[in-house]
1. Sequence-distant or interchain residues sharing an amide H contact under 5 Å with Lys455, placed H: which?
2. What does the accessible area of Val248 come to, in Å² to the nearest 10, when a probe of 1.4 Å is used?
3. In whole Hz, what ³J(HN,Hα) sequence does the range 596-607 give by Karplus (6.51, -1.76, 1.60; θ = phi - 60°), x for Gly and Pro?
4. How much length is gained if the chain between Thr595 and Thr142 is pulled fully straight, taking 0.36 nm per residue apart and subtracting their Cα-Cα distance, in nm to one decimal?
5. Positive end of the dipole of the range 63-154, charges at C-beta (+1 Lys, Arg; -1 Asp, Glu), about the Cα centre: which of Phe85, Ile148, Leu96 has its Cα farthest in that direction?
6. Can you work out the Karplus-derived ³J(HN,Hα) for every residue in the range 165-174? Use 6.51 cos²θ - 1.76 cosθ + 1.60 with θ = phi - 60°, whole Hz, and x for glycine or proline.
7. To the nearest 20 Debye, how big is the dipole of the range 58-190 about its Cα centre, given +1 on the beta carbon of each Lys and Arg and -1 on that of each Asp and Glu?
8. So, for the range 405-454, what is the accessible surface per residue at a probe of 1.4 Å, expressed in square angstrom?
Amino acid sequence: MDLLSGTYIFAVLLACVVFQSGAQEKNYTIREEMPENVLIGDLLKDLNLSLIPDKSLTTPMQFKLVYKTGDVPLIRIEEGTGEIFTTGARIDREKLCAGIIVDTHCFYEVEVAVLPDEIFRLVKIRFLIEDINDNAPLFPATVINISIPENSAINSRYALPAAIDPDTGINGVQNYQLIKGQNIFGLDIIETPEGEKMPQLIVQKELDREEKDTYVMKVKVEDGGFPQRSSTAILQVSVADTNDNHPVFKEDEIEVSIPENAPVGSSVTQLHATDADIGENARIHFYFSSLVSSVAKRLFHLNSTTGLITVKEPLDREESPNHKLLVLASDGGLMPARAMVLVNVTDVNDNVPLIDIRYIINPINGTVVLSENAPLNTKIALITVTDKDADHNGRVTCFTDHEVPFRLRPVFSNQFLLETAAYLDYESTREYAIKLLASDAGKPPLNQSSMLLIKLKDENDNAPVFTQPFISLSVPENNSPGTQLTKISATDADTGRNAEIHYLLGIDAPSEFNLDHRTGILTAVKKLDREKQEKYSFTVLAKDNGMPSLITNATVLVTILDQNDNSPVFTHNEYNFYVPENLPRHGTVGLITVTDPDYGENSAVTLSILDANDDFTIDPQSGVIQPNISFDREKQESYTFNVKAEDGGRVSHSSTAKVTINVVDVNDNKPVFVVPPSNYSFELVSPSANPGTVVFTVVAIDNDTGMNAELRYSILGGNTKGLFMIDQTTGNITLKEKCVLADLGLHKLIVKAKDLGQPDSLFSVINVNLFVNESMTNATLIYELVRKNIEIPVTQNVETTHTSSPSSDYVKIMVAIVAGTITVILVIFITAVVRCRQSPHLKAAQKNKQNSEWVTPNPENRQMMMMKKKKKHTPKNLLLNFVTIEEAKADDADNDRNTVTLDLPVELEEQTMVKYNWGTTPTTFKPDSPDLAQHYKSASPQPAFQIQPETPLNLKHHIIQELPLDNTFVGCDSISKCSSSSSDPYSISECSYPVTNIKTPVSVHTRLT
């Protein structure tokens, strides 16, 4: 078992080694004349190809017989299995191996290519042709004439011409028989050193020419084949006169060499023979034996008299390199002398090499058609070069004459495989005329050439190429459907169907375009509108007709050129602007927006106002409307005009829009009290009135509109006992509690009327005097009481606006502390200055009052304060008011405030109260009102005190001044935008300074003394 395993492994290794070498040989033995379709062998098994390790093959294994064009092969091979069979061609050994003398073996050689390229091998198969007995032996002539001297001794032998049988071995000549020998002659067979069987005639009885001079017999020759074949010839024996000495050659065997280019007539050798006889019996006649081949007899001439052998015809070593000349020398006797002349024809370089092309890829009309996609090392043909010359003269090399993508790879000593050495490209070279050159090594060398044509078959390996990978074109809008835009072209380096190009639109192409599949003409099938789409970018495809087809794309950018086909479009058909009535001249009313879908000059819109309106101007480009007038809603509430928009096209288009400017009310009118008509009027209130009874209705009006004219009423002060309350909307003052005896008398309420204007509201205050008593018996006394009561300070209910909870940020606290400290220092300084400038009589009054005016009045000592004021003679034209500046600390979470208070006395002159003029148009400031600011500066001994805009405020402050007896008090809700150019000198408009980052709330209160 181990021995078998080792043998098997050795066989596998040997097969792999042989297989990897690329060339193998295999011998078979066949008999001639075999019928058709006889199995000779199996290459797959015989070459052990089944032992080759599996490989990934592109195609199945294939066996391809390689033979010369025009030859009729004697065998065939099944390409799929490798089985070898005979064909219908006759296998004739005698024809295949004609002229072979020495070597009795006859071979027939073919080459087989094993495909595909991954396992390519070339196998040389030699078939040993076994002889069969298909030829009968034949004598050189049908009649054999021989002369025998009459004095021939018994048992004398005479040579007869030998028969010739093309078969060999046992199938050749084996036996001779003499028929009808008449007991006078016998036949014997001798075998020469060359293995030839030579018949000899034996004389068995004495001859007597005078008795009988001619004997006629038959000679039969037989071979040893099966079935046996034979032939006969007539043997005619003539009895001749006696010649008892036969010739003798000087040399029995002669070997000579002669070049194959020896001219005709050249001497080969001179034979010498002698005969002891004399006379005619000594005359020697030289002649070739019948065993000499016909070729030798054709090439050489033997002089029968002299024995000189000369060249009869031109020699060709390649045809016959050597010749055996059996020369007989006869003196007429029965036993001629024999001499063997061996002529060796020496080689001369007289043969050009031969190139034999055997195609592995079958040619079509003599041309190999090869795909341009053929892989490297694709086998095309087996090239066999031969030279009939010998030695150096027959040593041949083969090559190509120029650089081609093919190479000759040696496989045997004189055979080459033509295969691809580089990748092929049909587009660069479509066909190759490969000139094969064969040259021998002779001096001088002889050359031979042969042309091999290879045409490449085009494969679809080139995609179409656009002449422009990016196609940009422009087309005016409003085109006619079907307008040709451009012609798109592409080229394909392939040929035939592979180069036929079809043009297609990509999937991203819009429906507005069409592309002719054949011509590549791009058309717009729809009317294009630049205003809908200005640019189109899409893909076009070029597709060839190859299998599989190849596709290339290009980008097309179509830019639509504008035409003035659109009129300017207003964003609204009608514009309504709302402007405040305090808008300054040349301020901005609003913006008219106009669009024009066109482009460039066609979209350059110019705006203008129609109807020759000089009240307003409009910027032609920006569309900003500005007034040339000052607005006053109370005079004119709205303005209407038309605006024209015209584009800049060559044929311009225009459109118009209606513009309405509505003047919006500004809170520029303070509320004006109508009821009560003055600070000195009063109303009688019955002490028996029940709680909830409306005792008086305050009425105020505001010339503004909307929220600016909506009023809210409140009681600022005087309601110390909380006896009354007021409805903030209606102004109805109702009794809150049942009156008691202590409530009888005059009650002065300070009522505030505040509008809801934005961003800053305006307000006015008035004294409402309510006289609680059962009856009014003396009106003059009450008026006097009211007048005097005006001079009595009233505890005011101060309104403040709550701020948001203070921040706990440390930095803000420190800033607040610093600001508070600065404020205290500033207040102390101002107080000192004010006191220094007080008039002497005011200083005396203040000393008499023990500085009571610097004390903030409390409800508990109200009566005491009133009694003190009655005793003192306060000047009638002077009313002392105090402004309290209160700084709120940010660290009180319950809104409890620590205040630093500075009381500033102010002298006010009494002025007569001006009644409300119903016939005048209200403005922001009444022109007939006194200028309180100027009064303060002229009449007050103290310098005017101002809170600078930089003061950090986040609360609304109320400055409440007690006016002269005949004026209505007007105040501000906040300190902001206080106009020094106000037309009403007695009005203090509502102001609010901008709030800075330091939020230190400061409250300003009025303290009455």
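The values are calculated or read from the model by the stated rules, or taken from the named source; none is laboratory data. The structure presented is a predicted model; accordingly, all values stated were derived computationally and were not measured. Virtual Cβ from ideal backbone geometry, glycine too; neighbours counted across all protein chains shown. Ligands, DNA and RNA are excluded from the accessible area calculation, which covers all protein heavy atoms including side chains. Shrake-Rupley method; radii C 1.70, N 1.55, O 1.52, S 1.80 Å.
1. Hits under the 5 Å cutoff: Val368, Val369, Leu370, Tyr432.
2. Probe radius 1.4 Å; accessible area of Val248 about 80 Å².
3. With the stated coefficients, the range 596-607 comes to 9, x, 5, 10, x, 4, 5, 10, 7, 9, 10, 9 Hz.
4. Working: separation 453, 0.36 × 453 = 163.08 nm, distance 12.88 nm.
Separation in residues times 0.36 nm, less the Cα-Cα distance, equals 150.2 nm.
5. Checking the options against the dipole of the range 63-154, the answer is Leu96.
6. Here the 3J(HN,Hα) series is 10, x, 5, 10, x, 5, 7, x, 5, 10 Hz.
7. Details: 11 positive and 18 negative charges, 55 e Å.
For this selection, approximately 260 debye.
8. Values: 2490 Å² over 50 residues.
For the range 405-454, the solvent-accessible area averages 50 Å² per residue.
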